[in-house]
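Presented below is the structure to which this report refers.
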Amino acid sequence: MNPQIVIALYKPHEGKDAELRALIDQHVPTLRKLELITDRPALLARSKNGTYIEIFEWRESGRAHEHPEVARIWEAMEQIADLPSLDSLEEAGRTFPHFEPIR
């Protein structure tokens, strides 16, 4: 598989923002440690409605679905956040959408 850019969205459930941020902070380092993503710097931003937008480059996405460390993070995320599509964001309907930078 050739490297691919992915845009992952996570909208925290009420009162779960800090818990979700802690998981997001583990996500990219775990993927990088397992050599599932490239060295391209990842981006994290937030939309007006509080959805986090994480952008990174897969090296190998298929193996991520089989790895227990990644599964633990993804399963925990699914318990405390919705995983909306990009078109659910108000900003996505605009030319050149802007988001709040987180890192």
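The values are calculated or read from the model by the stated rules, or taken from the named source; none is laboratory data. In this text the structure is predicted, and so the values were computed from the model without any measurement. Don't worry about glycine lacking a Cβ; one is built from the backbone with ideal geometry, like all the others, and counts go over all protein chains shown. Ligands, DNA and RNA are excluded from the accessible area calculation, which covers all protein heavy atoms including side chains. Shrake-Rupley method; radii C 1.70, N 1.55, O 1.52, S 1.80 Å.
Evaluate E = 1/(1 + (r/R0)^6) for Arg72 and Ala92, where r is the Cβ-Cβ distance and R0 equals 25 Å; express this FRET efficiency to the nearest 0.05.
0.25
Diagonalise the Cα gyration tensor of the stretch 11-94 and give the resulting equivalent ellipsoid semi-axes, square root of 5 times each eigenvalue, largest first, whole Å.
Semi-axes from the Cα gyration tensor: 22, 16, 11 Å.
Carbon-plus-sulfur fraction of the accessible area of the chain, 1.4 Å probe, in percent?
52
Relative contact order, percent, of the chain when contacts are C-alpha pairs under 8 Å separated by at least 6 residues?
39
On average, how much accessible surface per residue is there in the stretch 25-102, in Å², for a 1.4 Å probe, leaving out ligands, DNA and RNA?
Ligands and nucleic acids excluded, the figure is 60 Å² per residue.
Charges only on Cβ, +1 for Lys and Arg, -1 for Asp and Glu: so what's the dipole of the chain about the Cα centre, in debye to the nearest 20?
240
Using only DSSP helix segments of four residues or longer, with each worth -39500 (n - 2.57), what per-residue ellipticity at 222 nm results for the chain after dividing by its residue count and rounding to 500?
When only DSSP H runs of four or more count, the value is -10000 deg cm²/dmol.
Between Ala18 and Glu100, what is the label-point separation in nm under the 7 Å Cα-to-beta-carbon projection?
1.7
Name the long-range amide H neighbours of Asp82: under 5 Å, sequence gap of 5 or more, or other chain; modelled H, no Pro or chain starts.
So Asp82 has HN proximity to Lys11, His13.
Counting other Cβ atoms within 10 Å, keep those with at most 11, restrict to DSSP loop, and tell me which GluC sites (Glu not before Pro) in the stretch 1-77 are left.
Of the GluC sites (Glu not before Pro), the ones in loops of the stretch 1-77 whose Cβ has at most 11 other Cβ atoms within 10 Å are Glu14, Glu35, Glu66.
Tell me, how many Å apart are the Cα centres for the stretch 41-56 and for the stretch 1-34?
Each part reduced to its Cα centre gives a spacing of 9 Å.
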